[in-house]
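Everything on this sheet refers to the single structure shown next.
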Amino acid sequence: MSGSSNFSFMDRYDKRVGRLAGQAERYVYTDPESCLFKLRLMVETMAKTLIELQSPHLVDSDLSTMLRALERSQMLSRSHADQMHAIRRDGNSAVHGDPTPAPTAMRRLHDAHRLSGWYCRTVKRGAKVDLEAFTPPPRAGQSDPTKGEGWKKGEALEKTIEEQRRQTREALLLFNEDENVDEVGEALVKELTSWDEIAIAAGEPLIDAEFVALVMAMDIEKLLEHPRFGVPSKEAHAQAEAQFDAVRNELEAKEFAYRDQRRKLAEGDLID
Amino acid sequence: MSDEAMKTEIKLATTWFLAARTMAVADGNVPKVKEAAAGLYARAILELSEQVCVEAKQKHNIGDLRVEDCLASVRTLPRELGEKIMTGVMMIAYANREMHPLEVRWASMLASAIELSEEDFQRCCVGARVIATMLNPSSEESA
């Protein structure tokens, strides 16, 4: 048993994760850094289990790579990813010796509790997990520290930091959290496809597509050769050339199809 | 900032995010690296505030806009801003070091709407390439 009030249900799903959560819970007042360290380990253990289901080749990657891969595969929602990243970030700070206020540790513990219900449902598909409301663990022999003035100040600071982080993240993202990215993307692609057809039928705009494709191919070759990506020159050239040929062939095929359609229409008119 | 200045900034941000979204989805998927790059570009190069970036993506600002609206909007921008948008859009196109026919079409349409010459367009692409080398390749593996 993990021996904790908030996480004891986890023993039925993942004993190791439940034990880490229980340990974090016990340290939250007396040693917030250790609490965050345990929570970070808990999140890393969760991520490893999930990544084994999704992308086993990434199981030895660092935590942020695993979380990004889980997000991309849509196994991890944005809000769950945010909670996991918050634990990772604060856990890293704690490991590097940054002093951690107990309200910060308590917030991350609360995040871990939110994550744990979802995690259990994910690893044991179909499991009915009754997640009870999170209750701050009692502090033995002392009055409730969460009622103190210092705690309230710490909480207020945490709220401000989280609000700031949320705004920064919202500002940086390409799509809003409440937008259906697939739906928006589909509509844009559909419209772009129509414009593509218009360009073929009505003639190219000022900067024609073949010129753009050529410039892009040259840039892609240089990018691939860049030390950051390290593709050997010959291979980079071949890759860029293949991409250029593919785009040019598609442009030509569309042009041919349009001309063919026009010819058939004209022939039809002549027959009539 | 006055209401009028705020409106102008929001219009620029909306135009940018619409142009960037169109390029980001043109190849059929939106890797994280493209998504984060768009926001960073808005903040660092277009010098848009967080508040403006958030507001621009609200439904009442961007929700009903189409590719056509983006083209109409870039035509009204000062030349310098138009070139910055072109550079940013190409940076997104280069994020995965691959090109797709619809990406090519979008770049061609946008460059024409801004009335760039071939030299101007190439200059924007060089800038985009330089920024694209700074994007984190490890955050885009597709496995």
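The values are calculated or read from the model by the stated rules, or taken from the named source; none is laboratory data. Just so you know, these numbers come straight off a predicted model, no measurement behind them. Quick reminder, even Gly has a Cβ in these numbers, built from the backbone with ideal geometry, and neighbours come from all protein chains shown. Heavy atoms of the whole protein, side chains included, go into the accessibility calculation; ligands, DNA and RNA do not. Shrake-Rupley method; radii C 1.70, N 1.55, O 1.52, S 1.80 Å.
Points to keep in mind about this one:
- Expressed as a whole percent, the proportion of Cα-Cα pairs in chain A lying more than 24 Å apart is 66%.
- Per residue, the solvent-accessible area of region A:16-162 (1.4 Å probe, heavy atoms of protein chains only, all protein chains present) comes to 49 Å².
- Interface of A with B. Using a 1.4 Å probe and counting protein heavy atoms only, the two chains hide about 5400 Å² of accessible surface, both sides summed.
- Theoretical ellipticity at 222 nm over chain A - DSSP helices of four or more residues, -39500 (n - 2.57) apiece, nearest 500: -24000 deg cm²/dmol
- Largest first, the residues B:ILE131, A:ILE198 sort by 1.4 Å accessible area into A:ILE198, B:ILE131.
- Chain B, accessible surface, carbon-and-sulfur percent (1.4 angstrom probe): 51 percent
- Rounded to the nearest Hz, the phi-derived 3J(HN,Hα) couplings of region A:246-258 under the Karplus curve 6.51 cos²θ - 1.76 cosθ + 1.60 (θ = phi - 60°) are 4, 5, 4, 4, 5, 4, 5, 5, 5, 4, 5, 4, 5, where x marks glycine and proline.
- The fraction of accessible area contributed by carbon and sulfur in chain A is 53 percent, rounded to a whole number (1.4 Å probe; ligands and nucleic acids excluded).
- Residues in region A:36-82 that, when all protein chains are in place, have 50 Å² or more less accessible area than the chain alone would give (probe 1.4 Å): A:ARG68, A:ARG72
- Per residue, the accessible area of chain B comes to 40 Å² when a 1.4 Å probe rolls over the protein heavy atoms.
- Computed extension length for A:LYS234-A:THR30: 67.4 nm, one decimal, from 0.36 nm per residue of separation with the Cα-Cα distance subtracted.
- Positions from region A:219-266 whose accessible area shrinks by 20 Å² or more when the full protein complex is built, not the chain alone, probe 1.4 Å: A:ASP219, A:ILE220, A:LYS222, A:LEU223, A:LEU224, A:HIS226, A:ARG228, A:PHE229, A:GLN243, A:VAL247, A:GLU250
- At least 30 Å² of accessible area lost relative to the chain alone, listed for region A:170-189 with a 1.4 Å probe: A:GLU170, A:ALA171, A:LEU172, A:LEU173, A:LEU174, A:PHE175, A:ASN176, A:GLU179, A:LEU188, A:VAL189
- Rounded to the nearest 20, the Cβ-based charge dipole of region B:3-134 about its Cα centre (Lys and Arg +1, Asp and Glu -1) stands at 340 debye.
- Among A:PRO227, A:PRO32, A:PRO137: highest mean-square fluctuation, GNM of chain A, C-alpha pairs under 10 Å: A:PRO227
- For A:ASP62, the accessible surface of its heavy atoms amounts to roughly 90 Å² (probe 1.4 Å, protein chains only, rounded to the nearest 10).
- Volume in Å³ per residue [convex hull over Cα atoms, computed for region A:124-272]: 328 Å³
- When chain B is described by a simple charge dipole with +1 on each Lys and Arg Cβ and -1 on each Asp and Glu Cβ, the residue from B:MET90, B:LEU135, B:ALA56 located farthest towards its positive end is B:LEU135.
- A compact globular protein would have a Cα radius of gyration near 2.2 N^0.38 Å; the ratio found for region A:55-185 is 1.23.
- Average other protein chain Cβ within 10 Å of Cβ, residues B:55-65: 2
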